[in-house]
Amino acid sequence: MPFFSSLKEKIIGKKDQSKYLSGFAKTNNALGKKLRFITEKNIKNKDDFVEQLMITLIESDVGYKTADAICDRFFKETQDYLYLRKEDVMDILLETFNDIYKEKEETEIIYNDNGPTVILMVGVNGSGKTSTCAKLANMYINQGKKVCLVAGDTFRAGAREQLEVFAKKLNCDFVSGKDNEDPSSVLLQGCRYAKDNNIDILLCDTAGRLQNKINLMAELSKMRRVIGKEIEGAPHNVWLVLDANTGQNGMSQATLFNEVTDLTGIILTKMDGTSKGGIIIAIKNVLGIPVRFITLGETIDDIKPFDFDLYLYSIIEDLENVS
Ligand SMILES: Nc1nc2c(ncn2[C@@H]2O[C@H](COP(=O)(O)OP(=O)(O)O)[C@@H](O)[C@H]2O)c(=O)[nH]1
Ligand SMILES: [Mg+2]
């Protein structure tokens, strides 16, 4: 299994891999088990295999378009499908996932060398924006950065207080406005504060309003305009916070938000739940947006940079035992 071996080599020695993998266990077991089930059945008829593979991928939230692309690519690599050993089928499948994920160029997180780096967090209500702001703040503080949290959600009652509690706990800077104040005005105050106080990372929480596309677009473009006037190039990163358990609905959220603002990354939350994980490949393949971080629980350090190799490895962690 050449691909699997090289993947394994890449991840051996990676820090924290066991926690990462156990966090993914629930998510990927379903996909891994199902893939294994169909590869072990030794289906000799190509059409039957395609059908089973498509069903498995779609059930795992890969989505039709990406599932179709995976099948196409798989058979391009394997004209001699009928003569494949079953363990090679799995190996080629993994390599196909890898190729499909990496087909679109991978961009890096942008950090501003000449002042505060502004990160705008967007997403629907309850996806995990506010708690992820706190997790990111904690992570950056641990990297020695000076962080400020901005309570840009002026809409939901208690949103400001929720973020303020985190800021106090983390002992980091915090900027907020009044209830129902224009969020752009709060973000502007945040930008000014960041410049005056040598903040490295300005994390802007926003409200999860998804009233309609026009309002969302107007609100987000105003935020961008206001922030961009105050700090050059800001927001440097716009991250969509997505609940990984929403399945294909996550794909439509990503599509909509990407239409109204240029997303530069996704944060997939609640990966400790029952998420099927396939959406990671789908979003990257269809929209070209990479997953930046995943969150794996409710404590402050349950956040990890997303690592595609580990993700892939977790799908078939016990594959070695296959005879
Ligand atoms: N189990 C689990 N719960 C999470 C995770 N991230 C967020 N939550 C919970 O999801 C709920 C909504 O989070 P919140 O940050 O308020 O969402 P917001 O409305 O987008 O700001 C809260 O109860 C969080 O504790 C995660 O990674 N795992
Ligand atoms: Mg919130």
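Laboratory data are not the source of any read-out in this text; all were calculated from the coordinates shown. Everything quoted here is computed from the prediction, not taken from an experiment. Every residue, glycine as well, gets a Cβ built from its backbone with ideal geometry; the counts of neighbours run over all protein chains shown.
Calculate how steeply helix 17-40 sits against the longest principal axis of the alpha-carbon atoms of the chain, using the helix alpha-carbon long axis, and give the answer as 0 to 90 degrees to the nearest 10.
That works out to roughly 30 degrees.
Rounded, prolate or oblate, given the Cα gyration tensor of segment 210-316, with a/c below 1.5 counting as rounded?
Values: a/c = 2.05, a/b = 1.67, b/c = 1.22.
Prolate shape, in that a/c is at least 1.5 and a/b is the bigger ratio.
Taking the number of other C-beta atoms within 10 Å as the exposure measure, put GLU298, GLU51 in order starting with the fewest.
The order, fewest Cβ neighbours first, is GLU298, GLU51.
Just name one of TYR313, MET217, LEU149: the one whose Cα is farthest towards the positive end of the charge dipole of the chain (beta-carbon charges, Lys/Arg +1, Asp/Glu -1).
So the residue furthest toward the plus end is LEU149.
Using only helices, what value at 222 nm comes out for the chain when you add -39,500 (n - 2.57) per DSSP H run of length 4 or more and divide by the total residues, to the nearest 500 deg cm²/dmol?
Computed ellipticity for the chain at 222 nm equals -16500 deg cm²/dmol.
What is the Cα centroid distance between segment 33-70 and segment 231-300, reported in whole angstrom?
When both Cα centres are located, 24 Å separates them.
Order of 192-202, 86-96, 118-128 by packing, highest average Cβ count within 10 Å first?
Going from most to least packed, we get 118-128, 86-96, 192-202.
Pull out the extension gain between ASN198 and GLU161, defined as 0.36 nm times the separation in residues minus the alpha carbon to alpha carbon distance; nm, one decimal.
Length gained, ASN198 through GLU161: 10.9 nm.
Going toward the positive end of the dipole of the chain, with +1 on Lys and Arg Cβ and -1 on Asp and Glu Cβ, which of PHE166, ASN125, THR261 do you reach last?
PHE166
Roughly what angle does helix 46-59 make with the longest principal axis of the chain, taking Cα atoms, 0 to 90 degrees, to the nearest 10?
Result, in degrees: 20.
Quick check on my link table: of LYS46/LYS270; LYS33/LYS129; LYS41/LYS102; LYS145/LYS195, which ones sit more than 26 Å apart, alpha carbon to alpha carbon?
Table pairs above 26 Å Cα-Cα are LYS46/LYS270; LYS33/LYS129; LYS41/LYS102.
Using the basic label-point model (7 angstrom from Cα toward the beta carbon), what is the LYS33 to LYS76 distance in nanometres?
So the two model labels end up 3.3 nm from each other.
Report Rg (one decimal) and Dmax (nearest whole number) for the chain, counting Cα atoms only, units Å.
My reading of the Cα-based Rg and Dmax gives 21.2, 68 Å.
To the nearest Å, what is the center-to-center distance of segment 78-105 and segment 173-204, using C-alpha atoms only?
Cα centres, segment 78-105 to segment 173-204: 48 Å.
Quick one: if you stick a label point 7 Å off each Cα along the C-beta vector at LYS102 and GLU40, how many nm between them?
Taking the two extended label points, one gets 2.9 nm.
Counting only C-alpha contacts under 8 Å and six or more residues apart, can you give the relative contact order of segment 106-212 as a whole percent?
On the way: 183 pairs, mean separation 45.4, N = 107.
With pairs under 8 Å counted, the relative contact order is 42 percent.
Distance in nm between label sites at ILE141 and ASN171, each 7 Å beyond Cα in the beta-carbon direction?
For ILE141 paired with ASN171, the spin-label model returns 0.8 nm.
Any idea what angle helix 129-142 forms with the longest principal axis of the chain, computed on alpha-carbon atoms, 0 to 90 degrees, nearest 10?
Tilt of helix 129-142: around 90 degrees.
Report the relative contact order of the chain, percent, no decimals, based on alpha-carbon pairs under 8 angstrom and at least 6 residues apart.
Values: 538 pairs, mean separation 80.0, N = 323.
With pairs under 8 Å counted, the relative contact order is 25 percent.
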